[in-house]
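For reference, the structure discussed in these notes is given below.
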Amino acid sequence: MIRNWWSPQKWASLWLLFFTTVFILWVPATGYRSIVGPKHILFLGASGIFLLGCIPALRRRPRLTKMEWLPFLFAGAFLVMALLSALNSQYTELVWWGNRRNEGFLTLAVYMLLFCAMALWGEMGKEQKIGLGITGIVTFVIVCLQFFQLNPLHLFPEDLRFHDRSLKYSGEYMGTIGNADLLSAFLTMATLFLLGTYAVEKKRSRFFCLIAGGASWMALLCSEVTAGPVAIGLSFGLLFPLCLYKGIAIDRMGEILGVLLLGVLGKSALGYAYDGTVLTTWLRWGMVQWLLAILTGLAFLAGIWLRPLKGKAFPKLTKILLIIALVAVLLVLAFLWFYSGENTALSGMSQLLHGNPPDTLGSSRIAIWKEAVKLGMEQPLLGGGPDTYQRRSEIIFTRELPDGTVRRTSVDAAHNEYLNLWVNVGFPAMIFYLALLGSVLLPALKNLNEGRLALLLAVLGYGFHALFGISQSVVSPVFYLLLGALACQNRRI
């Protein structure tokens, strides 16, 4: 009895449930005044208990083939390079524990160990799916209340609310995670995993996953972080042709598209203005909303039409659709290349295609990325040391507030996790990290089936989000746990 309860699979499942529920939803009594530090301590403590409990199970680890050992080897190589980077760094006071991001060598080591443990024994079972769904729904409720200037759980100080972002406080804070970019990363994973689970689940519990996935999607839209919807669009765009080619979950794609469009319709129909004191809202309905409403209805109708196609593969149709998609992409690129209008976003994209994007494009990410490449070239082999980006960056953003106060903000991350690794721990470490991702993702894509779909969507979503986002221990552990669970799933037929 005791031996069965302490099986490594059940132990891993217990902590996977903890990290996707309690860890994400827990907030300290100080709220946003001090949320990162306490959550980081919880991360280290919970991870330590979990990893210590895994030690006795190492004697019962599964046998791995040479190819299945690759992710572990790449994780180890990444850690070796990160360790050398820390030992070589001049910022000895930062590299072990970390700076503002708390991503020193200790945190990086825990990330890799979490991945390895889950790659051996991890699985997203029924309890974990329900737990993540509950987390998504609770987050949706909190985010919606905050969007309408309420203060659930007293997370904000009494004189601040969400829409005071960049006016009375730096950045944007929302949900039980705090930083809106990090919240977006979690909600991207939650939305994709829950909708992916609905796509393949046969039991009635799939409707809970659909509702929870829709709630997570709506919360993501309310956060107004563009990287999340972009990552979800890229993830579905990459996997849909593969699902169509293999006949996986085609009968549920209409409902999933309908839920996504319904969320976009709801957010686009909500007009609001904030004058620094009062939030004014109104119903905004015009041509765009009518078009979205029609597309939403057609998507749900398509869901009915697609039901008889369950399990059927369409390799020829997939090739035709890929050609159409390629032509559409080329037409869009051509439009942007020759665009000469006054729309700021379109003009910026046009300049990007011509090789001279404005530094302000993507919330000034172009300026940050240019400096990141420069910093990476300065110390390409070992970088400046884990979590030392802020010490090397010279960019300072200034903003004049309505009361005349000038707020100055430094940059502590590249806002691209891959560039961030290059700058901090060196180019070889970044290559080993990408190899780790590839060694898990490529087998999952090659052998895609219903059991892998939800996890693959979530991991891909975070990977795309990382192109524009930041890593921190309040969310990143969930990614490494899911990545490990996908690696474990890859060993199953």
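Think of each Lys and Arg Cβ as +1 and each Asp and Glu Cβ as -1; about the Cα centre, that makes the dipole of the chain roughly 2100 debye.
Label sites at T344 and L295, each approximated as a point 7 angstrom past Cα along Cα to Cβ, lie 2.4 nm apart.
Helix-only mean residue ellipticity at 222 nm, the chain, DSSP H runs n ≥ 4 weighted -39,500 (n - 2.57), per residue, nearest 500. What is it? Mind showing how you got there, number by number?
On the way: 20 runs with 312 residues, N = 493.
It comes out at -21000 deg cm²/dmol, rounded to the nearest 500.
At 0.36 nm per residue, and after removing the present C-alpha to C-alpha distance, how many nm does the segment from K312 to N151 gain when stretched out fully?
Working: separation 161, 0.36 × 161 = 57.96 nm, distance 4.88 nm.
Answer, rounded to one decimal: 53.1 nm.
In this model, which of K168/K370; K246/K310; K202/K316; K319/K446; K129/K202 are farther than 21 Å apart at the alpha-carbon? Write out the running numbers ahead of the final one.
Values: K168/K370 29 Å; K246/K310 11 Å; K202/K316 27 Å; K319/K446 17 Å; K129/K202 14 Å.
Correct reply: K168/K370; K202/K316.
Which parts of segment 230-270 would a label at L322 reach, counting a residue when its backbone N lies under 14 Å from a point 7 Å out along Cα-to-Cβ? The answer is 238-247.
Would you mind classifying segment 372-487 by shape? Square roots of the alpha carbon gyration tensor eigenvalues, ordered a ≥ b ≥ c; an a/c under 1.5 is rounded, otherwise it is prolate if a/b is larger than b/c and oblate if not. Here segment 372-487 falls in the oblate category. Since only L382, A454, I396 are under comparison, the one whose Cα sits farthest along the positive direction of the charge dipole of segment 370-493, derived from C-beta charges on Lys, Arg, Asp and Glu, is A454. Listed values for segment 20-26 are Karplus-derived 3J(HN,Hα) couplings in whole Hz (6.51 cos²θ - 1.76 cosθ + 1.60, θ = phi - 60°), namely 8, 10, 4, 4, 6, 7, 6, and x replaces Gly and Pro. Once you order the gyration tensor axes a ≥ b ≥ c over the Cα atoms, which shape class does segment 60-109 get: rounded for a/c under 1.5, otherwise prolate or oblate by comparing a/b with b/c? Since a/c reaches 1.5 and a/b is larger than b/c, the shape of segment 60-109 is classed as prolate. Once the Cα-Cα distance is subtracted from the 0.36 nm per residue extended length, the T280 to Q90 segment shows a gain of 63.3 nm. With R₀ set to 30 Å, the beta-carbon distance separating I130 from L270 gives a calculated FRET efficiency near 0.50. Relative contact order for the chain: 25 percent, from Cα pairs under 8 Å spaced at least 6 residues apart, divided by residue count.
Once the Cβ-Cβ distance between L234 and T360 is put in as r, and R0 is 25 Å, what FRET efficiency do you end up with, to the nearest 0.05? Write down the numbers at each step before the final one.
Working: r = 23 Å, r/R0 = 0.93.
Between L234 and T360 the formula returns 0.60.
Recomputing Rg/Rh (Cα atoms, Kirkwood Rh) from the coordinates shown identifies the correct label among (1) 0.98; (2) 0.95; (3) 1.04 as (2).
The alpha carbon gyration tensor of segment 252-387 gives principal lengths a ≥ b ≥ c with a/c of 1.5 or higher and a/b no greater than b/c, which makes the shape oblate.
Summarising the label geometry, the points placed 7 Å from Cα in the beta-carbon direction at S34 and V80 lie 4.1 nm from one another. Fully extending the segment from A334 to V141 would add 65.3 nm, taking 0.36 nm per residue of separation and subtracting the current Cα-Cα distance.
Note on segment 102-147 and segment 428-475: Cα centroid distance 14 Å, given to the nearest whole angstrom.
Once the mean 1/r over all distinct Cα pairs of segment 1-142 is inverted, what Kirkwood radius in angstroms do you read off? Intermediate results must be reported in sequence, preceding the final value.
Working: mean 1/r = 0.0584 Å⁻¹.
Roughly 17.1 Å, rounded to one decimal.
Values in this text are rule-based calculations from the coordinates and carry no lab data. The structure displayed is predicted, hence computed values, not measured ones. Reconstructed Cβ throughout: ideal geometry from the backbone, glycine too, with neighbour counts over all protein chains shown.
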